[in-house]
Amino acid sequence: MNINAIFTAILAALCMGTMGVFSRKTGIQAELITFFRLFLGAGFLLLLLIITRQTRLLKTWPGWPVLINGLMLAGFIIFYVQAMYMTTMANAIMVVYLAPLVASIYAHFFFGEKMNSKSIFLIATALLGFGMMMEFKIDFSTAGNHMQGIIFAALSMCCYAVFILINRSVTTSVHAYTRTFYQLLIGSLCMVPFFLTSFPAINGSDIIWIVGAGFIPGFLGILFAVMALEKLPAATFGTLAYFEPIFVVILGWAVFGETLNALQLAGCLLIIGSGVIKGYCTIQPQNQTQCEA
C-alpha cells in the first residue's frame, strides 16, 4: 500500500543529496545558493501547477504551521552551512542527521506513531551505519570554532526535526503542492536579508548549476519529502532519509574522486539493509504483523 510513498522518500533523499555537487560547482556563497534552491524550487512548482491547471491550490490558506515550516526549512539549511564553516563536515552531518531519530521519538510519544523494538533496532542500525560512513570522527580540537559549529549543527538538527513533524501533522488538511510551494517560498524569502544590500555577481557558467539546484534538490527534493511524509510514519521516513548521506558519498566518489574505505562501505550496507527491511515492514499491513517484535 505504501510502496509508492517509500519510493518517493528514497527519491527525496537522492535529490537532496545532490546539493553538495551544485554548491561546489558554482562556488557562490551559501546564502545565495540556498536562496536560489528554494526560490527556483517554488518557481518550478508554480510552473507545474500552471501546466496542470491546479493553481487554485495556491489560493488555499496553508495555515501557520506550514508558514512556520518555511522558516524551519531555511533554518535547517543555513544553520547546517554555518556549522560546516566552523567545524568539520563530519561533525556537522553526524549531528544534523540525528533529526530523523529525534522526530521518530517525538512522534512515538505525541503522534501515536508507536515504534516497536524492530523499528527502534532498524533506526539504531541506520544511525550506526551513518556513523561508520563518517568513521566516527567528531573533532573537538582546539583549532577553529568547533563547539560553535556543533551548536549550529544542533540548531539545524532541531529545524529539520520540526520540518518532519509539522509535515506529518498537517497532512490531511493541506494539499502537498500547497504546503511545498509556501514552504519553499517562505524559506527563500528568509535568505534575502543576507545579501539584500550587496548582491554578488554571478558568472554565466554558474547559471546552469543554479537552475539545477533549484530543480533537483529544491523542487524535486522538497516536494518528494513532503509527499512521502504525507503517507509514511516519521520512523519509516527517518530510516529512509539515511539514503541521502549514502548518495552524497557516492557522488563524492564519482564526481570529485573521494574514495571509500572498508568501514564506510560496511556502513552504507547497514543503512541500505535497514531501509529495505523498514520499507518491507511498511508496504503491507500484514507485513507489520510479521515485523512486530
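Each reported figure results from applying straightforward, stated rules to the coordinates on display, with no laboratory input. Because the structure is predicted, anything quoted here is derived from the model rather than measured. Virtual Cβ from ideal backbone geometry, glycine too; neighbours counted across all protein chains shown.
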- prompt: Fewest to most neighbouring Cβ within 10 Å: what's the order for Trp209, Trp64, Trp253?
  reply: Trp64, Trp253, Trp209
- request: Fewest Cβ neighbours within 10 Å first, please rank Lys278, Lys25 accordingly.
  value: Lys25, Lys278
query: Counting pairs of alpha carbon atoms under 8 Å apart in space and at least six apart in sequence, what relative contact order in percent does segment 3-291 give?
result: 42
message: Placing one identical point scatterer on every Cα of segment 1-59 and ignoring solvent, what is log10 I(q)/I(0) from the Debye formula at q = 0.16 Å⁻¹?
response: -0.74
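Return the calculated 222 nm mean residue ellipticity for the chain, to the nearest 500 deg cm²/dmol, obtained by summing -39500 (n - 2.57) across DSSP H runs with n ≥ 4 and dividing by the residue count.
-23500 deg cm²/dmol, from helical runs alone.
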query: For the residues Val211, Val248, Val226, what sequence is obtained by ranking on other C-beta atoms within 10 Å, fewest first?
result: Val211, Val248, Val226
query: Translational D (Stokes-Einstein, µm²/s) of segment 121-250 at 20 °C and 1.002 mPa s when Rh comes from the Kirkwood sum over C-alpha pairs?
result: 122
message: Taking only complete DSSP H runs, can you tell me which helices of the chain stretch 15 Å or more along their own long axis by Cα positions and average at least -0.5 on the Kyte-Doolittle scale?
response: 3-16, 30-51, 64-86, 99-110, 117-133, 146-169, 176-191, 221-231, 243-256, 262-283
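Could you give the size of the charge dipole of the chain about its Cα centre, using +1 on the Cβ of each K and R and -1 on the Cβ of each D and E, expressed in debye and rounded to the nearest 20?
640
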field: Span per principal axis, largest first, for the Cα atoms of the chain (Å)
entry: 57, 53, 32
